[in-house]
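The next block holds one structure in the form of structure tokens; read it before the comments.
The values are calculated or read from the model by the stated rules, or taken from the named source; none is laboratory data. Note that the structure is a prediction, hence the values are computed from the model and not measured. Don't worry about glycine lacking a Cβ; one is built from the backbone with ideal geometry, like all the others, and counts go over all protein chains shown. To get the accessible areas, we keep the full protein, side chains included, count just its heavy atoms, and leave off ligands, DNA and RNA. Shrake-Rupley method; radii C 1.70, N 1.55, O 1.52, S 1.80 Å.
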Amino acid sequence: MSYIAMNRFQVKTGAEAQFEEMWRSRESRLKETPGFQEFRLLKGPEGDGFCLYSSHVVWASRADFEAWTKSQNFRDAHKDAGRSKTQDALMGPPQFEGFETVLHEV
């Protein structure tokens, strides 16, 4: 069964377009990575001074996800994560959540 890796971001009100553009213009190497199945950037509800976003990546297995986190492609994809442009848009660091699939219906 698949593994879903998610990061939740609290994006400051007014920085949504900047945040979305960072994702659109990033150099993604996910499609080159064994086990990668799908990526989505999700926009959620608004909170007190922020809008909730989630990056949602489906992997064939947890082992594939863990291999990605140890790869050069991962390091390249996250090299700008701590830069001020990114930090200016966020209320704090992203919150990671990982899930093993136990039931899947299509």
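Ordering Phe19, Phe74 from largest to smallest accessible area (1.4 angstrom probe), what's the sequence?
I get Phe74, Phe19, largest accessible area first.
Please work out the average accessible area per residue across the range 1-86, using the 1.4 Å probe convention, and give it in Å². Let's see the in-between values first.
Details: 5380 Å² over 86 residues.
Each residue of the range 1-86 exposes 63 Å² on average to a 1.4 Å probe.
Compute, for Tyr3, the solvent-accessible surface of its heavy atoms (probe 1.4 Å) with the complete set of protein chains present, and express it in square angstrom to the nearest 10.
Spelled out: Tyr3, probe radius 1.4 Å, area about 10 Å².
Do you know the Lys pair count in the chain for C-alpha distances under 24 Å, with sequence separation 8 or more or different chains?
9
Roughly speaking, what % of Cα-Cα pairs in the chain are separated by over 20 Å, rounded to a whole number?
Numbers: 2306 of 5565 pairs.
When every Cα pair of the chain is considered, 41 percent fall beyond 20 Å.
Please report the accessible area of Lys70 (heavy atoms, 1.4 Å probe, ligands and nucleic acids excluded) in Å², nearest 10.
Surface open to solvent at Lys70 totals about 150 Å².
Work out which GluC sites (Glu not before Pro) in the chain are exposed loop sites (DSSP not H, G, I, E or B, at most 15 other Cβ within 10 Å) and give the longest gap free of them.
Within the chain, the longest run free of exposed GluC sites (Glu not before Pro) spans 28-104.
Heavy-atom accessible area of Ser25 with all protein chains present, probe 1.4 Å, nearest 10 Å²?
80
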